[in-house]
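Reading through the structure tokens given below for one structure.
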Ligand SMILES: Cc1cc2nc3c(=O)[nH]c(=O)nc-3n(C[C@H](O)[C@H](O)[C@H](O)COP(=O)(O)OP(=O)(O)OC[C@H]3O[C@@H](n4cnc5c(N)ncnc54)[C@H](O)[C@@H]3O)c2cc1C
């Protein structure tokens, strides 16, 4: 099995928010990144990629462009030998051993699922670019199915969309996709009289628990004003191909159930032999060093990160925190390790086109100003000038032209030569 040394001695597992920023901030010191994809996904813009406001390619940043001094190994970390300081990686060309002086573990999280009948078979996730593109194509196909449906009951079923999980991902995805459907329906005159039904379900007593109550209430009001049926304090009990059963006893006829009910630490972390808590998160000290394992560091959604600014609390799984952790860790790898400390400056979220909410340094804005602040913040955070310009171009174009409603489900599945 080939055996090689990580560039600059630093091996970074995971090319998501946390891993890519550590490698980028290490600059010329160099690093080797191991990742399943060759890009970093800018998740806050994923809902806009799903709705077609942004071109999906523009919400990802190629790792080789973002981290020009890093090597990239496309593959999956499958085993770790802490004593010999090496990680085994499964690549398309076979297994390879990578040696390190410092190992950075940033494998992130996966969707948290529950043993609900039908969930694995009939629900759709919203975590990756593939999920966003799949959901967009699915939603557009529902419009075709509704247009071809034999009666009103079937038409209404196809235009009913249930989202379970009212955190950032669920709320933003629902808002963006309902805008997409509203715009697309202009081209379906036969569906003008059909009722659309958007349902947002959450077990918690309110939506967007991450943000201050006043803004959360405003978001709920905005969504309700647009006809979104918000069911808080409610859980999903069962899903089928054409129904969702809720704990309030309602059996909703639908062909679309989107599951955005939180994340859990990447289960592959268990294969690396690192100390983890009962939620599968890697245990680190205040400097992000893994407890009791020399030369190994961890950060991001898959890690239980103590924060000096919020004693007794661990960081929530957000990219804001992953980015700040990455800044601290890059400094700790270069010099004397110091504790990680970050106080959140604010929170932002969009509620579809031209509506948003933002709480920055205690100043709360909503509606169009909230949308503008949210977009400006994300544009500022997005790495690479070329990416920022592409995104601004998409936003500007969408001001003047109608939304694209092409359904490109065939992408990545070309017809085989000879098939007719
Ligand atoms: C739809 C959506 C919207 C969001 N919106 C916001 C928002 O508005 N604001 C906010 O602050 N946060 C938001 N988040 C949360 C944010 O995306 C995460 O907190 C952030 O991505 C965490 O970074 P990470 O590096 O820990 O994990 P990730 O970014 O998930 O990266 C994990 C990386 O590990 C790689 N990997 C996984 N397994 C292996 C393996 N075995 N071997 C090698 N590589 C592997 C993956 O390929 C990936 O590159 C959102 C999340 C989603 C899903």
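Read-outs: derived from the displayed coordinates by stated rules, not from any lab. All of these numbers come straight from a predicted model, not from anything done at the bench. Note: ideal-geometry Cβ built from the backbone for every residue, glycine included; neighbour counts use all protein chains shown.
Working from label points 7 Å from Cα in the Cα-to-Cβ sense, the residue 130 to residue 376 distance is 3.8 nm. Whole angstrom only: what separates the Cα centroid of the stretch 192-225 from the Cα centroid of the stretch 26-83? A separation of 32 Å, based on Cα centres.
Averaging 1/r across all pairs of distinct Cα atoms in the stretch 251-329 and inverting the result yields a Kirkwood radius of 14.0 Å. Packing, taken as the mean count of other beta carbons within 10 Å per residue, orders the peptides 106-118, 159-171, 25-37 from highest to lowest as 159-171, 25-37, 106-118. All distinct Cα pairs of the stretch 119-261 go into the 1/r average, and the inverse of that average, the Kirkwood radius, is 15.3 Å. Which of rounded, prolate or oblate describes the stretch 1-144 when judged by the alpha-carbon gyration tensor and an a/c cut-off of 1.5? Since a/c reaches 1.5 and a/b is larger than b/c, the shape of the stretch 1-144 is classed as prolate.
Here the Gaussian network model covers the chain, with springs between Cα atoms less than 10 Å apart; of 83, 356, 52, 83 fluctuates the most. For the chain, the longest principal axis of the C-alpha atoms and the axis of helix 129-148 are separated by about 10°.
Remark: spin-label model distance residue 1-residue 251 equals 5.2 nm, labels positioned 7 Å along the Cα→Cβ axis.
Model label sites at residue 270 and residue 310, defined 7 Å from Cα along the beta-carbon direction, differ in position by 2.7 nm. For the chain, the longest principal axis of the alpha carbon atoms and the long axis of helix 385-400 meet at an angle near 10°.
Helix 319-334 versus the longest principal axis of the chain: what is the Cα-based angle in degrees, 0 to 90, to the nearest 10? The two axes meet at around 10 degrees.
Remark: the residue 419-residue 217 segment gains 67.3 nm on full extension, using 0.36 nm per residue and subtracting the alpha carbon distance. Its residue count N fixes a reference of 2.2 N^0.38 Å for the stretch 38-116, and the Cα radius of gyration divided by that reference is 1.42.
Ranking request for peptides 240-252, 322-334: highest mean number of other beta-carbon atoms within 10 Å first, then the rest in descending order.
Numbers: 240-252: 15.2, 322-334: 21.2.
Those peptides, ordered most packed to least, come out 322-334, 240-252.
Please compute the alpha carbon radius of gyration of the chain, then divide it by the globular-protein estimate 2.2 N^0.38 Å. Two decimals is fine.
Numbers: Rg = 22.3 Å, N = 420, 2.2 N^0.38 = 21.8 Å.
Normalised by 2.2 N^0.38 Å, the Cα Rg of the chain equals 1.02.
The equivalent ellipsoid of the stretch 360-420 has semi-axes of 37, 15, 12 Å, largest first, where each one is the square root of 5 times an eigenvalue of the Cα gyration tensor. For the stretch 349-403, the relative contact order comes to 24 percent (Cα pairs under 8 Å, sequence separation of at least 6). Taking 2.2 N^0.38 Å as the expected size of a compact globular protein, what ratio does the Cα radius of gyration of the stretch 144-218 give against it, to two decimals? In units of the globular-protein estimate, the stretch 144-218 measures up at 1.31. Comparing Cα centroids, the stretch 103-152 and the stretch 388-408 end up 23 angstrom apart. With the highest mean first, a sort of the peptides 144-151, 263-270 on other beta-carbon atoms found within 10 angstrom per residue produces 263-270, 144-151.
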